[in-house]
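I have placed the structure first, in the form of structure tokens, so that the comments after it can refer back to it.
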Amino acid sequence: MNESLELHLFGALHRHAKITRNIDADCQTIMDNFSRTGRHYDFGPLPVVWSRRVWLDLAEKFLEPQGMSFLDEMVRFPSEMRWYGEALLNTVR
């Protein structure tokens, strides 16, 4: 888990403000689903070791009560790493 500081710096040094906007927008999209505020995190780089418990919690405690599936959310916002990371942060609050 990191704050993508290198990518933000790259965008600033090369005057690509769109990079920072896009990173922040992606982070905020998933954060909003969990009603989380605060820092924007990136949950990479690959490969990662995932816990089955986090995926189950995401499905059972968050998605299913809203009548959604993981497929629904992946179609809406295709980033397994962000979903996993935000679900993990949501379970440790």
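Summary of values
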{"quantity": "Pick from the range 40-58, criterion of a type outside the set (Val, Ile, Thr) and loosely packed, with under 10 Cβ neighbours inside 10 Å, ranking: modelled with the highest pLDDT", "calculated": "ARG52"}
{"quantity": "Total residues in the range 10-49, condition in contact with a Gly (Cβ under 7 Å, 6 or more places away or on another chain) and β-branched (Val, Ile, Thr)", "calculated": "2"}
{"quantity": "From the options GLN66, GLN28, residue that is surrounded by fewer than 12 Cβ atoms within 10 Å (Cβ to Cβ), among the polar types (S, T, N, Q) and under 17 Å from ALA87 (Cα atoms)", "calculated": "GLN66"}
{"quantity": "Residue that is farthest from the chain's Cα centre (by Cα), among those in the range 42-93 that are of a type in the set (Ser, Thr, Tyr) and not in a loop (DSSP other than H, G, I, E, B)", "calculated": "THR91"}
{"quantity": "Of the criteria (1) in contact (Cβ under 8 Å) with a residue 24 or more places away in the chain; (2) part of a loop (DSSP other than H, G, I, E, B), which one THR37 fails", "calculated": "(1)"}
{"quantity": "Inter-residue pairs, beta-carbon under 9 Å, first at positive phi and in the range 3-26, second aliphatic (A, V, I, L, M), 6+ apart", "calculated": "SER4/ILE23"}
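The values are calculated or read from the model by the stated rules, or taken from the named source; none is laboratory data. It should be emphasised that the depicted structure is a prediction, and the values quoted were computed from it without experimental measurement. All Cβ positions, even for glycine, are placed from backbone atoms using ideal geometry, and neighbour counts span all protein chains on display.
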